[in-house]
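Read the structure below first, then the notes.
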Amino acid sequence: MSKVTTSSGIEQIHGKTYGLDRGYFYMRNGKQFYRERDEDYQQHQSPRQKWNSAAFKYANSQLKLLTSPEAKTQLASDFEAAKHIASNGKTYTTVRAWKFNSLIHEYKQSHPFGQ
């Protein structure tokens, strides 16, 4: 958010005043306006982008389920047994990144693109 003070001393606001606001302030012809709009950045995605977004959503939802201490110790032991290499063939330094990318690869294998 930027605040601009005009020569007359009136403060004008540009952009959002708070991150969760539904709209934003803007200036046109020296007057201040407020506009509400839906910020749906995924409405114009290609089919491949939608497929990648679905894989990302799946991986996030599955990773949130693995919060118990037993699951964390199991993940750490699986990470060490796999020698930090995920199912996609890449090496990762953290357990979270390793599991997240394994889940993305798992989703993409079970839901191939183009079907």
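The values are calculated or read from the model by the stated rules, or taken from the named source; none is laboratory data. Every value quoted in this text rests on a predicted model; they were computed, and no experiment measured them. Glycine also receives a Cβ, built like all others from the backbone with ideal geometry; neighbour counts cover every protein chain displayed. Protein only, heavy atoms only, side chains kept; ligands, DNA and RNA dropped before computing areas. Shrake-Rupley method; radii C 1.70, N 1.55, O 1.52, S 1.80 Å.
Compute for region 37-96: radius of gyration divided by Kirkwood radius, i.e. Rg/Rh, restricted to C-alpha atoms, rounded to two decimals.
1.12
Sort Ser102, Ser110 by heavy-atom solvent-accessible area, probe 1.4 angstrom, most to least.
Result of the area sort, largest leading: Ser110, Ser102.
Once both labels are modelled 7 Å past Cα along the beta-carbon direction, what's the Ile13-Ser53 spacing in nm?
2.9 nm
By the scheme Lys and Arg +1, Asp and Glu -1, what is the net charge of all other residues having a beta-carbon under 12 Å from that of Tyr58?
+2
Just list whichever of Lys50/Lys108; Lys57/Lys108; Lys50/Lys72; Lys57/Lys99 have alpha carbons separated by over 22 Å in the model shown.
Checking Cα-Cα distances, Lys50/Lys72 exceed 22 Å.
Which of the peptides 52-61, 86-95 is most tightly packed, and how do the rest follow, going by the mean number of other Cβ atoms within 10 Å of each residue?
Going from most to least packed, we get 52-61, 86-95.
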